[in-house]
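> Below is a structure I'd like to ask you about.
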Amino acid sequence: MINMSVEMNEIADKILSKNIDKQEALRNFQKLSEEEKDLLTSQLKVKLSGDDALKNKLSAKAAGSTLKAIDQRNLTEEHQNYIEQLNQEYEKFVPESKKNIAKHQHYFVDQRRPFHLIKDLKKLHFQITYQKAEGAYVYDIDGNKYVDISGDMGVNLFGHKPEFIINAVKDSLDQGIPLAGYSEKIFETSKLFSEITGHERVLFTQSGTEAVMFAVRIARAATNKKKIVIFEGSYHGLSDAVTAMSDQHGRSLAMGPGMLQEFAEQIIVLEYGNMEHLDIIEAHADEIACVLVEPVQSRHPYIQPVEFLKEVRKLTLEKNMALIFDEMITGFRISHRGAQGYFNIKADIATYGKIPGGGLPTGVIAGSPKYMDLVDGGTWNLDDDTMPKSKRTGMAGTHSQNPLKIASVYATLSEIKKRCKGDLQSDNCQYFQKELNAKTKYLVENLNAFFLAKNLPITIDDFGSLFRFRFIDSYWGITEALFFILLRMKGIETNIQGNCFLTTAHTDDDIEFVIKGVKESLETLIAQNFFCEVEQEEQNNTQSFATEHHLAPSKNVATLDNLRQNNFGQSASVGGQKESGQLESSQVSSGQVNNEQIEKLMNLIKADLQNFQEEQGN
């Protein structure tokens, strides 16, 4: 079925690019089976949805209206009755998991537990307890089996319990866990990490958060400058050194209680992909130590401003600012060389975690000697007069070189190298992630076509094997929360934080199972009236607002598909014009929002939140 999707994709591309005449297209269409015709029609719908006018025509087929997800302020008695019925069914579905919450909450502190809590769904809001995990599946203590698309928050690339990682960790455990000295594996692992990523020097840390924190410290030490640049919508871990938000006047603010404003004042928060904000970076270059980028933001994978990143690379080189790529999610997932190899933009420093650890806690910093030598003084010999460089910054961590995690990293990297064909540093390297990316694209396009056909205000954004459900007109309202509960009851495990992933362990049948479960869950919500029709005036306002604020699923589906059709990220010449295959900020946004509009929007949001809080308190 997935191979059929790729074939239908190629036919759809020929039709849309007019590389096939009308008569030939009709003849080819008549030769297709009914299943292939349906699939081709779905592919064309998704691709045509990049054209706003055509997309609106398709969306308007239900009496000139589309659907809107209701939120907790719009619940009727019928909705409440359905939720109560679901409460009872869910308690029967996972009774032991629910008992664990009440039994252990007095001494077990879980930072994730209150995340996305909705009062009306409180009885449904708890994490299940797993018994085991293997391949593409997890099993809970109530005897349920799930197809797992949570991806362990980005850690899982090869499925649960891969034999090569289990064996490597067991072998290391048999040797003991000495922490003060080196293991033989750490030298081999560092060399292999350098070989795959293309970075000269490699440093292991205890976590991804720690890797980013130390990378920023290295950049400050190298440049003798204090400030750093981050971008709205990015996530770089828990360190105060990289955590801030901006107000409507562009001032940096601490994110929450316990986070110091003094740290936030050393951070400049800019809009990702906004070319005009390059001027801000240039104007403050004398005080900026580094620009820290999540090249494709895991929370907003539809924003992929490649030309912007290239300009940032040029500017940082010209002005002696370090460019740091945070590759926690994209590293080894989009390609063996991560987003840097995929976009052909090499950062001075890159931070990694998740995938290379193979399930064990780890973080990695890789970069050029100019920066990495500030940790250990660079290369120096024992038998001559050479000494380490005197300028060094502080770095420590008891478990940063833990032999168990080093064994897991080596096993994971060895498997990645084994599955790639050709020169790892060549653009012609046939990396195995391409097939995984294509499978994810099949799932995404199939479901996006379904959403479009049903007039649902949902889209799936994707980048490689990362994908994310996005409800266009709401942020974690009651309909969205119920959707994920229903998925679990259909045997599909997701991540409440929103990011989903496919792994090499997922079979074609698993993918079809997920597609079926998503469709059935949404059909249930439609039948229970958790989607309502939108009046034409409100629909126009919603479309206008969504387009202006990067919310509409307009061109990203078709544009991302071009990545796969053009060797996953290599430029292609279309109609005499060179395209990068990426979504630029100017493509996503129809215009800049002025200060007066922002002020009005903020006032509306504040008033709406205040009303909502008052309703919740009653």
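> Evaluate the following for THR316: is it more than 22 Å from GLY498 (Cβ to Cβ), hydroxyl-bearing (Ser, Thr, Tyr) and either surrounded by 14 or more Cβ atoms within 10 Å (Cβ to Cβ) or touching a Cys at 6+ places or on another chain (Cβ under 9 Å) (or both)?
Details: more than 22 Å from GLY498 (Cβ to Cβ): yes; hydroxyl-bearing (Ser, Thr, Tyr): yes; either surrounded by 14 or more Cβ atoms within 10 Å (Cβ to Cβ) or touching a Cys at 6+ places or on another chain (Cβ under 9 Å) (or both): yes.
Judged against the criteria, THR316 is a match.
> Based on what the data block shows, is VAL229 open to solvent by less than 30 Å² (accessible area, probe 1.4 Å) and either part of a strand (DSSP E or B) or free of Cβ contacts under 8 Å to residues at least 40 places away in the same chain (or both)?
For VAL229, the condition - open to solvent by less than 30 Å² (accessible area, probe 1.4 Å) and either part of a strand (DSSP E or B) or free of Cβ contacts under 8 Å to residues at least 40 places away in the same chain (or both) - is met.
> Condition test on VAL138, is it assigned to a strand (DSSP E or B) and under 24 Å from GLY498 (Cα atoms)?
Answer is yes for this residue.
> Can you tell me how many residues in the stretch 380-430 are modelled with pLDDT of 90 or more, of a type in the set (Ser, Thr, Tyr) and under 29 Å from the mean Cα position of the chain (by Cα)?
5
> Here is a further query. When you check ASP373 against the structure, is it farther than 26 Å from GLY154 by Cα, surrounded by fewer than 22 Cβ atoms within 10 Å (Cβ to Cβ) and touching a residue at least 12 places away in the same chain (Cβ under 8 Å), yes or no?
yes
> Given the residues TYR352, TYR302, TYR342, which is the only one that is touching a Gly at 6+ places or on another chain (Cβ under 6 Å), among the hydroxyl-bearing types (Ser, Thr, Tyr) and open to solvent by 10 Å² or more (accessible area, probe 1.4 Å)?
Numbers: TYR352 fails: open to solvent by 10 Å² or more (accessible area, probe 1.4 Å); TYR302 fails: touching a Gly at 6+ places or on another chain (Cβ under 6 Å).
Sole residue among the options that is touching a Gly at 6+ places or on another chain (Cβ under 6 Å), among the hydroxyl-bearing types (Ser, Thr, Tyr) and open to solvent by 10 Å² or more (accessible area, probe 1.4 Å): TYR342.
> Looking at the stretch 274-299 only, could you name the residues that are acidic (Asp, Glu) and either open to solvent by 20 Å² or more (accessible area, probe 1.4 Å) or part of a helix (DSSP H, G or I) (or both)? Give the derivation first.
Residues of the stretch 274-299 acidic (Asp, Glu): 276, 279, 282, 286-287, 294.
Those that are acidic (Asp, Glu) and either open to solvent by 20 Å² or more (accessible area, probe 1.4 Å) or part of a helix (DSSP H, G or I) (or both): GLU276, ASP279, GLU282, ASP286, GLU287.
> I need the full set of residues from the stretch 478-524 which are open to solvent by 30 Å² or more (accessible area, probe 1.4 Å) and at pLDDT below 95, in order please.
Within the stretch 478-524, ILE496, GLN497 meet the criteria.
> From the set of residues in the stretch 423-447 that are in contact (Cβ under 8 Å) with a residue 24 or more places away in the chain and assigned to a loop (DSSP other than H, G, I, E, B), which is farthest from LYS519 (Cα to Cα)?
For the stretch 423-447, the residue satisfying everything is GLN425.
> Looking at this structure, is LYS145 open to solvent by 90 Å² or more (accessible area, probe 1.4 Å), over 30 Å from GLU200 (Cα atoms) and touching a residue at least 60 places away in the same chain (Cβ under 8 Å)?
It is true that LYS145 is open to solvent by 90 Å² or more (accessible area, probe 1.4 Å), over 30 Å from GLU200 (Cα atoms) and touching a residue at least 60 places away in the same chain (Cβ under 8 Å).
> Could you tell me whether GLY208 is among the small types (Gly, Ala, Ser), within 19 Å of HIS399 (Cβ to Cβ) and touching a Gly at 6+ places or on another chain (Cβ under 9 Å)?
yes
> Of the numbered conditions (1) more than 25 Å from the chain's Cα centre (by Cα); (2) not in a loop (DSSP other than H, G, I, E, B), GLY250 fails exactly one; give the number of that condition.
Answer for GLY250: the failing condition is (2).
> Look at ASP152 and say whether it is acidic (Asp, Glu) and over 26 Å from CYS420 (Cα atoms). Walk me through how you get there before you give the answer.
On the way: acidic (Asp, Glu): yes; over 26 Å from CYS420 (Cα atoms): no.
Criteria not met by ASP152.
> I need every pair where a residue in the stretch 448-477 that is on the phi > 0 side of the Ramachandran plot has its Cβ under 7 Å from the Cβ of a residue that is open to solvent by less than 10 Å² (accessible area, probe 1.4 Å) and part of a loop (DSSP other than H, G, I, E, B), sequence separation at least 6 or different chains.
Hits for this filter: GLY464/ARG333; GLY464/ILE334.
> Filter the strands (runs of 3 or more DSSP E) completely within the stretch 317-379 down to those with at least 2 residues that are over 19 Å from the mean Cα position of the chain (by Cα).
Those strands (runs of 3 or more DSSP E) span 322-326, 363-367.
> Now for a different question. Look at ALA215 and say whether it is in contact (Cβ under 8 Å) with a residue 12 or more places away in the chain, touching a helix residue (DSSP H, G or I) at 6+ places or on another chain (Cβ under 6 Å) and either assigned to a strand (DSSP E or B) or more than 16 Å from PHE332 (Cα to Cα) (or both). Break it down into steps so the answer makes sense when it comes.
On the way: in contact (Cβ under 8 Å) with a residue 12 or more places away in the chain: yes; touching a helix residue (DSSP H, G or I) at 6+ places or on another chain (Cβ under 6 Å): no; either assigned to a strand (DSSP E or B) or more than 16 Å from PHE332 (Cα to Cα) (or both): yes.
Against the criterion (in contact (Cβ under 8 Å) with a residue 12 or more places away in the chain, touching a helix residue (DSSP H, G or I) at 6+ places or on another chain (Cβ under 6 Å) and either assigned to a strand (DSSP E or B) or more than 16 Å from PHE332 (Cα to Cα) (or both)), ALA215 does not qualify.
> With (1) touching a Lys or Arg at 6+ places or on another chain (Cβ under 8 Å); (2) of a type outside the set (A, V, I, L, M, F, W, C); (3) farther than 20 Å from ILE329 by Cα as the list, and ARG201 as the residue in question, which single condition is left unmet?
Of the numbered conditions (1) touching a Lys or Arg at 6+ places or on another chain (Cβ under 8 Å); (2) of a type outside the set (A, V, I, L, M, F, W, C); (3) farther than 20 Å from ILE329 by Cα, the odd one out for ARG201 is (1).
> Further, regarding this structure: Can you work out which of the residues in the stretch 427-450 that are aromatic (Phe, Trp, Tyr) and touching a Ser or Thr at 6+ places or on another chain (Cβ under 6 Å) is least open to solvent (accessible area, probe 1.4 Å)?
Residues of the stretch 427-450 that are aromatic (Phe, Trp, Tyr), as a first pass: 431-432, 442, 450.
Still in the running and touching a Ser or Thr at 6+ places or on another chain (Cβ under 6 Å): 431, 442.
Values: TYR431: 25, TYR442: 4 Å².
Looking at residues that are aromatic (Phe, Trp, Tyr) and touching a Ser or Thr at 6+ places or on another chain (Cβ under 6 Å), I get TYR442.
So that you can scan it fast, the table gives a plain yes or no per residue for (1) assigned by the TED database to the domain that holds PHE501; (2) open to solvent by 10 Å² or more (accessible area, probe 1.4 Å); (3) part of a helix (DSSP H, G or I); (4) not basic (Lys, Arg):
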position	(1), (2), (3), (4)
LEU452	yes, yes, yes, yes
ASP461	yes, no, no, yes
ARG470	yes, yes, no, no
TRP476	yes, yes, no, yes
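> Within the stretch 67-80, take every residue that is outside any loop (DSSP other than H, G, I, E, B) and open to solvent by less than 90 Å² (accessible area, probe 1.4 Å) and give me the one that is farthest from THR459 (Cα to Cα).
Applying the first criterion (outside any loop (DSSP other than H, G, I, E, B)) to the stretch 67-80 yields 67-69, 72-74, 77-80.
Keeping just the survivors that are open to solvent by less than 90 Å² (accessible area, probe 1.4 Å) gives 67-69, 72, 74, 79-80.
Values: LEU67: 13, LYS68: 13, ALA69: 13, GLN72: 21, ASN74: 22, HIS79: 24, GLN80: 26 Å.
For the stretch 67-80, the residue satisfying everything is GLN80.
> Can we say GLY258 is assigned by the TED database to the domain that holds PRO305, open to solvent by less than 60 Å² (accessible area, probe 1.4 Å) and over 13 Å from CYS290 (Cβ atoms)?
no
> Could I ask something else about it? Mind telling me which of the residues ALA102, ALA133 ends up being of a type in the set (Gly, Ala, Ser) and surrounded by fewer than 17 Cβ atoms within 10 Å (Cβ to Cβ)?
ALA102
The values are calculated or read from the model by the stated rules, or taken from the named source; none is laboratory data. Everything numeric in this text was worked out from a predicted model, so none of it was measured. Cβ sites come from the backbone with ideal geometry, for glycine too, and all protein chains shown count toward neighbours. Ligands, DNA and RNA are excluded from the accessible area calculation, which covers all protein heavy atoms including side chains. Shrake-Rupley method; radii C 1.70, N 1.55, O 1.52, S 1.80 Å.
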